[in-house]
Amino acid sequence: MTFSVQPGDGPVILAMPHGGTDMPEALAARLNANGRALADTDWHIARLYEGLLPGATTVQATFHRYVIDANRDPKGQSLYPGQNTTELCPTTDFDGLSIWQDGQQPGADEIAQRTRDFHAPYHAALAEQVERVKARHGLAILYDCHSIRSEIPFLFNGLLPVFSIGTNSGTTCSQVVVEATLKPCQSESHVLNGRFKGGWTTRHYGRPQENIHAIQMELAQRAYLRAEAAPWTYDTQRAAPLRQTLSQILHGLAALTEGIRHE
């Protein structure tokens with residue numbers, strides 16, 4: 001199975017496209033030493049959010065983003081034209097360094113196959129949960145969970161804020177969803193629609209006019225890892241205040257149901 005689903009009875013759906021570390025053996029054999037490190041994983045993202053909102057639905061990709069990136073446009077269009085980024089089937093890591101052995105990068109036919117075998121099933125499962133939750137509550141709030149190293153010069157300048165919130169410049173969700181997400185973040189560094197404005201998941205599903213609200217949360221990994229380097233150890237003490245803030249966000253979103261529906 002390329003994904004896992006935990007259905008809940010509430011209005012919030014947690015999507016986790018980049019927490020998986022599964023890599024088919026045939027693909028793993030083609031990665032170089034840099035690629036085999038899997039450094040661009042959203043490390044421990046499921047553990048970080050575990051138990052924060054009873055009733056939340058969770059949809060997780062179990063495959064690694066080096067197989068295919070479940071948060072990229074399946075047609076291969078860049079989400080950030082003119083900026084450094086990684087592709088649908090990445091050929092480099094976040095530092096711009098190759099992850100495949102020479103001559104082992106995927107071609108067009110293989111990318112199409114990976115799209116069918118991995119990307120499409122994950123999004124079919126996510127879309128099914130969005131429709132189920134919307135049918136139950138009259139709306140759905142899709143919260144896309146991400147994390148990343150705090151400093152990656154290839155992708156952005158300087159130190160990333162702890163909270164990077166993306167709504168594709170205000171198009172993917174209601175303003176009350178934005179406010180409920182931003183308010184608990186005020187005591188820590190944060191930005192709205194900065195370097196990360198929301199990936200394909202947020203942009204594809206976010207249709208507030210149809211009562212489907214999508215928002216992306218990109219967390220700086222310094223806020224919950226012992227170090228932003230292998231072995232990528234989860235730090236329970238460091239994560240505790242972050243989990244408290246995330247819990248406030250998710251409970252605030254779940255409480256918005258009636259207000260959003262009647263905007």
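Filter the range 128-139 for residues that are surrounded by fewer than 24 Cβ atoms within 10 Å (Cβ to Cβ) and either over 27 Å from THR41 (Cα atoms) or not acidic (Asp, Glu) (or both) and give the result.
At the first step, the residues of the range 128-139 found to be surrounded by fewer than 24 Cβ atoms within 10 Å (Cβ to Cβ) are 128-132, 134-139.
Passing the criteria: GLN129, VAL130, GLU131, ARG132, LYS134, ALA135, ARG136, HIS137, GLY138, LEU139.
Give me the pairs, please: first residue somewhere in the range 10-33 and free of Cβ contacts under 8 Å to residues at least 40 places away in the same chain, second residue anywhere and exposed (fewer than 15 other Cβ atoms within 10 Å of the Cβ), beta-carbon distance under 7 Å, and either six or more positions apart or on two chains.
Listed pairs, sorted by first residue: ALA28/ARG36.
So which of THR92, THR62 ends up being surrounded by 15 or more Cβ atoms within 10 Å (Cβ to Cβ), hydroxyl-bearing (Ser, Thr, Tyr) and under 23 Å from GLU151 (Cα atoms)?
Result: THR92 is the single residue among THR92, THR62 that is surrounded by 15 or more Cβ atoms within 10 Å (Cβ to Cβ), hydroxyl-bearing (Ser, Thr, Tyr) and under 23 Å from GLU151 (Cα atoms).
Among (1) within 30 Å of LEU31 (Cβ to Cβ); (2) assigned to a strand (DSSP E or B), where does LEU142 come up short?
It fails just one condition, (1).
ALA230 versus (1) among the hydrophobic types (A, V, I, L, M, F, W, C); (2) over 24 Å from SER78 (Cα atoms); (3) part of a loop (DSSP other than H, G, I, E, B); (4) touching a helix residue (DSSP H, G or I) at 6+ places or on another chain (Cβ under 9 Å): which is the lone unmet condition?
Among (1) among the hydrophobic types (A, V, I, L, M, F, W, C); (2) over 24 Å from SER78 (Cα atoms); (3) part of a loop (DSSP other than H, G, I, E, B); (4) touching a helix residue (DSSP H, G or I) at 6+ places or on another chain (Cβ under 9 Å), the lone unmet condition for ALA230 is (4).
Suppose we filter TYR205, TYR224 for residues that are of a type in the set (Ser, Thr, Tyr), at pLDDT 95 or above and either more than 18 Å from the chain's Cα centre (by Cα) or under 20 Å from LEU159 (Cα atoms) (or both); which single one remains?
On inspection, the qualifying residue turns out to be TYR224.
Suppose we keep only residues that are out of contact with any helix residue (DSSP H, G or I) (no Cβ under 7 Å at 6 or more places or on another chain) and β-branched (Val, Ile, Thr) within the range 53-72. Which one would you say is farthest from PHE118 (Cα to Cα)?
Checked the range 53-72; the qualifying residue farthest from PHE118 (Cα to Cα) is THR58.
For every residue, the table says whether it meets (1) touching a Lys or Arg at 6+ places or on another chain (Cβ under 9 Å); (2) in contact (Cβ under 8 Å) with a residue 12 or more places away in the chain; (3) within 24 Å of ILE141 (Cβ to Cβ); (4) not in a loop (DSSP other than H, G, I, E, B).
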| residue | (1), (2), (3), (4) |
| --- | --- |
| ASP69 | no, yes, yes, no |
| SER78 | yes, no, no, no |
| ASP102 | no, no, no, no |
| ASP109 | no, no, no, yes |
| HIS119 | yes, yes, yes, yes |
| HIS123 | no, yes, yes, yes |
| LEU126 | no, yes, yes, yes |
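The values are calculated or read from the model by the stated rules, or taken from the named source; none is laboratory data. None of the values given here were measured: they were computed from a predicted structure. FYI the Cβ positions are ideal-geometry reconstructions off the backbone, even for glycines, and counts take in every protein chain you see.
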